[in-house]
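Here's the structure, in structure tokens; my notes come after.
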Amino acid sequence: MATHCIPQLSFKFDKRVVVAKFDAEYASVDGGAVLLKAVDDQLGVTATVAGCLRDRRKRGKVQHDVLELVRQRVFGLVCGYADCNDAARLADDPLHKLLLDRDPLAGPALASQATLSRFENAVGPLTLARLGHALADLVIEQQRTRRQGRARRITIDFDPTDDPTHGQQEFAFFNGHYDTWCYLPLLGFVSFDHEAEQYLVLALLRPGNSPAKCGAIGRLRHLFRTLRVAFPGARLRVRLDGGFAGDEMLTFLETAGVEYVLAVGRNARLEKRARRLMGKARMQSKATGQTEHLYGETRYAARRWTRKRRVILKAEVVRHPGRPPKNNPRFVVTNLPHTPAHVYAIYCARGDVENRIKELKAGLALDRLSCSRFLGNQFRLLLTLAAYILVQTLREHAAGTACATAQVTTLRDRLIKVAVWIKRSVRRIVLHFPTTFPWLPTWREIACAVGATP
């Protein structure tokens, strides 16, 4: 039986004893994380985060500077260590020491859980606002450099998501739509022309009972200003769900001179206007026995809108085997001049944002906001944004490989979670990877793309 004194276990397989020993002193399971460090050295993501933070600790008592604490948390998130509690397990990991520019063999241990928790809870609201803008600016500047300032159209998607809360957490309120006590983070993405990749530029934590549009206009205003400086000739397009479709938001978008496509909730007046179109869709569905949808448009103003606007009508009859047909009318308000079917297709493309949010939750523990303080959780959200910038950049460098479209969990399994044995000499540090590493060709190609030399 393995103990701290006898670190080994024995198995009996086919009359042969197999012994498992835990005695590889300078080894790690996160060898591929050197790719993250190479990407970060190029972009300066963690340096940007650290540059926004003020260290109020007494200099003589500081063992871990701000940049080291930021890197420990951001690299840890990408490697699958979501919480500060994981710090104790990684304190003496040689590869994680290397990521912080420490000697992997003789360097001091990494920060403890208590140190990281104090660090996360020491950030004030003005610093958090400054950090959020800085990370958005970093992503936009990165894309400006990649595209040399050329883009015909930039699409901005905002979407709220729920993060269920537990215990006594500040500003945790009951949300009737999600039927739980939660926070309601607002996430924002930008995409360029016809590219599939959506780049995360906003992670704003909000109380659980916040209206959908809370904080959206101010963040959109900052994005408009930054994007127009970086891409002077680009058209800006905003896609939002029905919770944002108030007169204040619509008037703001029109005044800003951007294209917009926003969902509008059902009501009796809109359903009355779609009645004739729904009748045609029902007849067509009955004749074909399949789900059918037709498109139309009308001029409409909600009671609190200041004027009429173009609203696209989608009359859909949904059929499933063994179920009666179901009417499913949908409505979208827009200032685009395209045909109703084209406008609705543009709106539907925003559905991929849901996949990005699922990726963030499953891969980077976006919903692991376990601090009792609201501002501490907002800082965690921004650290997740920083981690996702590294992941998306790594995915860009994987173009043309088997990892070109891989999500966070797949990238971690294929590229990060690889055993490594570390040796150090006077002049260099050598990382020994397994010769049977199954993703070696892909890993080597990405490593060269992020700056490694043969």
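The values are calculated or read from the model by the stated rules, or taken from the named source; none is laboratory data. Note that this is a predicted model, so its numbers are computed, not measured. A quick note on method: Cβ atoms are made from the backbone with ideal geometry, for glycine too, and the neighbour counts reach across all protein chains shown. The protein model used for the area step is the full one, side chains on, heavy atoms only, and it has no ligands, DNA or RNA in it. Shrake-Rupley method; radii C 1.70, N 1.55, O 1.52, S 1.80 Å.
Side notes on the structure shown:
- Per-residue ellipticity at 222 nm, computed for the chain from helices alone with -39500 (n - 2.57) per DSSP H run of at least four residues, works out to -11500 deg cm²/dmol.
- Most to least accessible of D193, D157 (protein chains only, probe 1.4 Å): D193, D157
- Counting only Cβ charges, +1 for Lys and Arg and -1 for Asp and Glu, the dipole size of the range 133-286 around its Cα centre is about 1100 debye.
- Heavy-atom accessible surface of the chain: percent carbon and sulfur, 1.4 Å: 53 percent
- Ordering D92, D352 by accessible surface, largest first, gives D92, D352; the 1.4 Å probe counts only protein heavy atoms, with every chain in place.
- Remark: relative contact order (the range 274-354) = 25 percent; criterion is Cα-Cα distance under 8 angstrom and separation of 6 or more residues.
- Hydrodynamic radius (Kirkwood) for the range 1-145, which is based on Cα pairs only, to one decimal in Å: 17.6 Å
- Put a dot 7 Å past the Cα of N327, heading toward its Cβ, do the same for K417, and the two dots end up 5.0 nm apart.
- Of the cross-linked pairs K61/K97; K97/K358; K213/K272, those separated by over 24 Å at the C-alpha level are K97/K358; K213/K272.
- Helix axis angle, 34-43 relative to the chain longest principal axis, alpha carbon, degrees: 60 degrees
- A dipole drawn for the range 293-408 from +1 and -1 charges on Cβ atoms has a positive end, and of H320, V333, Y388 the residue lying farthest that way is V333.
- Across the range 163-169, coupling constants 3J(HN,Hα) worked out from phi with the 6.51/-1.76/1.60 Karplus curve, θ = phi - 60°, read 10, x, 9, 9, x, 8, 9 Hz, and Gly and Pro carry x.
- Taken one residue at a time, the phi angles of the range 150-161 give Karplus couplings (6.51, -1.76, 1.60, θ = phi - 60°) of 10, 7, 7, 9, 10, 9, 10, 10, 10, 8, x, 9 Hz. Gly and Pro are set to x.
- Among K417, K314, K58, the sequence by solvent-accessible area, most first, with a 1.4 Å probe is K58, K417, K314.
- Accessible surface, per residue, of the chain when the full set of protein chains is kept, probe 1.4 Å, Å²: 50 Å²
- Under 5 Å between amide hydrogens, built in the peptide plane, is the criterion, and for N175 it picks out T180, W181, C182 among residues at least 5 positions away or on other chains.
- Here the range 55-128 is treated with +1 on each Lys and Arg Cβ and -1 on each Asp and Glu Cβ, and its dipole about the Cα centre works out to around 360 debye.
- Local net charge near L110, Cβ-Cβ under 13 Å (Lys/Arg +1, Asp/Glu -1): -3
- Projecting the Cα atoms of V353, Y260, L105 onto the charge dipole of the chain, computed from C-beta unit charges around the Cα centre, puts Y260 farthest toward the positive end.
- Here the relative contact order of the chain, from alpha carbon pairs under 8 Å that lie six or more residues apart, stands at 19 percent.
- Options V19, V66, V45, ranked by Cα towards positive dipole end of the range 1-68, top entry (Cβ charges): V66
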